[in-house]
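These notes are about the structure you will find just below.
The values are calculated or read from the model by the stated rules, or taken from the named source; none is laboratory data. Everything numeric in this text was worked out from a predicted model, so none of it was measured. We place every Cβ from the backbone using ideal geometry, glycine too, and count neighbours over all the protein chains shown. Please note that ligands, DNA and RNA were not included when accessible areas were found on the heavy atoms of the full protein model with its side chains. Shrake-Rupley method; radii C 1.70, N 1.55, O 1.52, S 1.80 Å.
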Amino acid sequence: MGLRRVPTPLDEYPIHQTPMPMDRVAGSDRNFYDRCYFNAHDRSGEVFLVTGLGVYPNLGVIDAYAAARYGDRVWSVRFSDALGERSLEQRVGGYQIEVVEPLQRLDLGCASPDGSLDFDLHWTGTFPAAQEEPHLMLSGGRPILDASRFSQAGSWSGRLRVGEKEFAVTGDRWAGIRDRSWGIRPVGEPEPPGRAAAEGSVPGFWWVYAPLQFGSCALIVILQENPDGYRTLNDARRVWPDGRVEQLGWPRLDISYRPGTRHPESARIHLTDTGGASLTVELETVTSLPLHVGAGYSGDPDWSHGRWMGREWSSTAVYDLNEPAVAGRIPYGVTDHLARAKLNGEEGWGMFEHASMGRHDPTGFQDWASVSP
């Protein structure tokens, strides 16, 4: 089989990056993806929603998910289908995203099969979107993550239903963070483990992603470190309302974990602006949602992004975070924490996404069983 006999709608636009039509990505890596993420909250911690949609051209799959924490339970809905021709439409099953004004206004809709998690939400960016530093991770000599991402702080309006609870979403109270990333990362069915699994056991993984918004500015702090503390990704920047982006030096981070766990209860981030002045961000986590409990991120045993589930597939579930089988796997994945923040006294909100698994010398964790004293 060669190229399609007819072009796709995207080929009508002057956006080509390779000699191939837009239906083809530049490489043949099965793990190529193009995905978006959103979260929404009412600044109280009563409810916390994460949701997104992904396209996997070399797997021929499109899927979407939504997961909302209310109390100690997470309601989840997932949709998956065969990917048709690539176009500007972002729709799968009862889920859709419409770009009303690029990089500023979007509409999201979700109708779950059983009515357990539904929404009609409208996003407005409160600060300009900012491009983040490229993210690269290797397994041996092979890139397993090689991606670009932009992020943005914004507000929400519309309606949200979680279980039997209805929420009126208004822009004066509801806020959130969104991002879009694309490139290479593990998706779909697991690949053969091979030599990397046999000889390259991973001693640990440590990650922080903290996009925050205040009245005067938005902050983005991204840190990834090896078990010995060597930093492999360092990105700290301030986004001003007029679109200026200021780098904020080499962040120093202090995390206070709940005793007997690796659950971050608070954190302090020390930054330096371009003039050499110190900036201090104080964070307090309010509620959290493990991305591998209902949202399909790495470690979710029920469903994962890009996996072929058949045509017109959907599923819903409710997870009790106190149930032992669920609670026991929460520490072994990435968790999004809703965070109340202060920047040199100015109050704000945002996300403190964190993973601390295995050894991490700077925080004193010696192995996978280590917890805070």
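Going 7 Å from the Cα of residue 240 in the Cα-to-Cβ direction, what parts of region 191-221 have a backbone nitrogen less than 17 Å from that spot? Residues 214-220 fall inside that zone.
As a check on your grasp of the helix formula, calculate [θ] at 222 nm for the chain: sum -39500 (n - 2.57) over DSSP H runs of n ≥ 4, divide by the residue count, round to the nearest 500.
Values: 2 runs with 10 residues, N = 373.
Computed ellipticity for the chain at 222 nm equals -500 deg cm²/dmol.
Spatial offset of region 322-373 relative to region 1-71 amounts to 28 Å, using the alpha carbon center of each.
Sorted by accessible area (1.4 Å probe), largest first, how do 195, 24, 238 line up? Intermediate results must be reported in sequence, preceding the final value.
Numbers: 195 180, 24 120, 238 25 Å².
The ranking, largest first, comes out as 195, 24, 238.
For region 227-324, the per residue solvent-accessible surface stands at 50 Å², with DNA, RNA and ligands left out and a 1.4 Å probe. Per residue, region 43-121 exposes 37 Å² of accessible surface when a 1.4 Å probe is rolled over the protein heavy atoms with every protein chain present.
Computed 3J(HN,Hα) for region 173-178, one whole-Hz value per residue from the Karplus formula 6.51 cos²θ - 1.76 cosθ + 1.60 where θ = phi - 60°, is 10, 8, 9, x, 10, 9, glycine and proline marked x.
In the chain, the portion of solvent-accessible area held by carbon and sulfur atoms comes to 50 percent [1.4 Å probe, whole percent, DNA, RNA and ligands not counted]. If you take the alpha carbon atoms of region 253-306 and fit the smallest convex hull around them, that volume is 119 Å³ per residue.
Close amide-amide hydrogen proximity is noted between residue 126 and 153, 154, 155, each under 5 Å apart and 5 or more residues distant or on a separate chain (H modeled in the peptide plane; Pro and chain starts excluded).
Amide H to amide H, with H built 1.01 Å from N, residue 307 comes under 5 Å of 188, counting only residues 5 or more places away or on other chains.
The phi torsions of region 188-193, fed into the Karplus equation with coefficients 6.51, -1.76 and 1.60 and a -60° offset, translate into couplings of x, 5, x, 7, x, x Hz, rounded to whole numbers, with Gly and Pro shown as x.
Across the chain, the mean sequence separation of Cα contacts (distance under 8 Å, 6 or more residues apart), normalised by length, yields a relative contact order of 17 percent.
Karplus-based coupling profile of region 308-313, in residue order and whole Hz: 6, 10, x, 7, 6, 8, with θ = phi - 60° in 6.51 cos²θ - 1.76 cosθ + 1.60 and x standing for Gly or Pro. Residue 315 to residue 159: FRET efficiency via 1/(1 + (r/R0)^6), r the Cβ-Cβ distance, R0 25 Å, to the nearest 0.05? Efficiency, rounded to the nearest 0.05: 0.65. Only one of the values (1) 0.97; (2) 1.22; (3) 1.06 was calculated from this structure for Cα Rg over 2.2 N^0.38 Å; name its label. Only one option fits the structure, namely (1). In the elastic network of the chain, a GNM with C-alpha springs shorter than 10 Å, the most mobile of 261, 335, 280 is 261.
If you take all C-alpha pairs in region 317-373, what percent of them are over 14 Å apart?
Details: 1100 of 1596 pairs.
So the portion of pairs separated by more than 14 Å is 69 percent.
Which sequence of 78, 159 reflects their accessible areas, 1.4 Å probe, from the largest down? Don't jump to the answer; show the numbers that get you there.
Details: 78 10, 159 110 Å².
Of 78, 159, the descending order of accessible area is 159, 78.
Which shape class applies to region 126-165: rounded if a/c is under 1.5, otherwise prolate when a/b exceeds b/c and oblate if not, where a ≥ b ≥ c are the square roots of the Cα gyration tensor eigenvalues? Note, shape of region 126-165 comes out oblate.
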